[in-house]
Amino acid sequence: MNPGRGTSQPSHPQLSEQDTELIALISLCFSNCDIGGRLHNSEEELKQRVSRLLGKLDLKERIELIFYAHTDPKLRKQVLALAAQGKSAT
């Protein structure tokens, strides 16, 4: 895993607003059930979305996605904004 490291421009594909919201919710430790409820997806639909997102970013596991969210400046900003709004799972 090496998204954008060492380059001036990120190497990841363009992420939609829905993608960044999903990444932020995952990185705040919400369960699939909780995220599905917030995004109006069934758990199965959510699992498919997460799998597609992992593929889009060339990642294999959710933990890599969480690391990515905390190291990419744009995603980190969104994660922190959601947490500040009291939307964290903890």
* **For E64, solvent-accessible area (1.4 Å; no DNA, RNA or ligand), Å²** => 50 Å²
* Asked: At E21 and D58, where each label point lies 7 Å from the Cα along Cα→Cβ, what is the point-to-point distance in nanometres?
  -> 2.9 nm
* Estimated distance in nm for a label pair at Q14 and C29, the labels positioned 7 Å out from Cα along Cα-to-Cβ -> 3.5 nm
* Arrange the residues R62, R52 by how much accessible surface each exposes, largest first, with a 1.4 angstrom probe. => R52, R62
* To do: Note down the net charge around H40, summing +1 for each Lys or Arg and -1 for each Asp or Glu among other residues with Cβ under 13 Å from its Cβ.
  => -2
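The values are calculated or read from the model by the stated rules, or taken from the named source; none is laboratory data. All values reported here derive from a predicted model rather than from experimental measurement. Quick reminder, even Gly has a Cβ in these numbers, built from the backbone with ideal geometry, and neighbours come from all protein chains shown. Areas reflect the complete protein model, heavy atoms only, side chains present, ligands, DNA and RNA absent. Shrake-Rupley method; radii C 1.70, N 1.55, O 1.52, S 1.80 Å.
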